[in-house]
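Each reported figure results from applying straightforward, stated rules to the coordinates on display, with no laboratory input. All values derive from a computational prediction rather than experimental measurement. FYI the Cβ positions are ideal-geometry reconstructions off the backbone, even for glycines, and counts take in every protein chain you see.
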């Protein structure tokens, strides 16, 4: 019975690894375009004001560098949580306003 | 000795006088010719004088030109140096910008720092500057796909020692716009306060709500396991969800702490995993409602004698928030229940029967930033806060040691969006201890 449990765990983790690889590959191919457009910046401004103030004060875009906003928004996408597209809009707005 | 004949003006004049004198006998056309010659000589002399002036003028111009050329050379040299310096700066800035924003792996150190002061009339309490807390959050990303979060918390203790705890350490994979997979030790997605509001620069008051404390009871703080989480739009709404499987809660070795839900990474102490999740709805940008639940089992601890058993543990939570303009109004209710089971608190002592116990905790809180009514920038940075919170415990008596009703009024001053000074007065009506009044002050900085 214990052996079956161990085999079951191994199969489960192997499946999870394969699934992660497939998901990672799919997500990598769906990376956003590098050049933002004004519409995306406007969407980001709206999403920033509607979502970020739900828990804390709105942070000034100038508080962090573009690189830091990359990381912070990626983190907040998971913490809030936020849909990926909305998180990208917010990041573009923050970096454009920086 | 030879004498050279020199044609000097004196000779010329003498010749001219001779010619003139001789001219008395000369014909009239010869006199005219001499006069013409004299005229030409005078004209030539005038020309010579003019040329002399022009020569001086040319010399002057030549000197001026030389000076201008020298000045121009110096200016060009200065400009060349400036251009070279600017090119170097531009290259350096471009290299910096390129390297920072386009690297696949990036990292950032976030977190918060807090210092506190507390004054209480409770028996045995002293006015105290309560040691600072440093809570760094290390974040590292791989493209937009992976993010690692490591969060130790370092705080000084009343005995002079320093306490270091690993609050979080997890890896998240952004698998799709609506799905993130997280493994490791993560913040429990149960409820809203612990998940989003407990950092000192976000929490509107210097302390946590009653029952929403870190030392056990019924609040899920962290979990070690795997979590699927995400959010997606539904029409104009946003819906978020989280589902997790983890090691689950444990019984504390301090009876008054009850059951701990902190996320135990050193391995599970029973074979039953905790399963739980949360679903949140944001029907309007400024309204959010969340429902959470978790099911698990708590294992009894072996004692010197007596039976040991396991008790089922269930938790339900509902939270709501209204955050429009300068208003921040929110509340949360959490109920936890553990079935009866046998356990020891100290392995050297016999096990005891732990009665089935239910915890109820809830709070309501309202804060208003005066910027909504004050024209003054200074007045606008003030924020009065009110909170009522309560915890009641029914069942195993030692678990209810911390049960209380608490009123808190506070006043915050925001120096910056993440830099705040808070003052608060609390009235704590304990169920099993005398009532206490407490004043708290706190400086909190999030970065």
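Tabulated data
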| item | result |
| --- | --- |
| Computed over segment B:106-446, Cα set: Rg, Dmax in Å | 20.6, 70 |
| Principal-axis tilt of helix B:28-102 within chain B, Cα atoms, nearest 10 degrees | 10 |
| Cα centroid of segment B:411-447 to Cα centroid of segment B:121-193, whole Å | 21 |
| Fewest-first ranking of B:159, B:405, B:317, using other Cβ atoms within 10 Å as the exposure measure | B:159, B:405, B:317 |
| Neighbouring partner chain Cβ atoms per residue of B:142-151, average, 10 Å criterion | 4 |
| Choice from B:436, B:320, B:348 showing the highest fluctuation, given a GNM over chain B with Cα pairs closer than 10 Å | B:348 |
| Euclidean distance of C-alpha centroids, segment B:38-90 and segment B:198-243, integer Å | 81 |
| Calculated P(r) of segment A:35-98 - Cα pairs past 15 Å, % | 43 |
| Over the protein assembly as shown, equivalent-ellipsoid semi-axes from the Cα gyration tensor in Å | 91, 28, 22 |
| Choice from B:185, B:143, B:422 with maximal GNM fluctuation in chain B (Cα, 10 Å cutoff) | B:143 |
| Highest-MSF residue in chain B out of B:379, B:251, B:65 [GNM, Cα springs under 10 Å] | B:65 |
| Helix-only mean residue ellipticity at 222 nm for the protein assembly as shown, each DSSP H run of n ≥ 4 adding -39500 (n - 2.57), per residue, nearest 500 | -10500 deg cm²/dmol |
| Per-residue Cβ neighbour rank within 10 angstrom, fewest leading, B:190, B:238, B:137 | B:137, B:238, B:190 |
| For segment B:41-143, Kirkwood radius (reciprocal of mean inverse C-alpha pair distance, Å) | 22.9 |
| Cβ-based exposure ranking for B:279, A:72, in which fewest neighbours within 10 Å come first | B:279, A:72 |
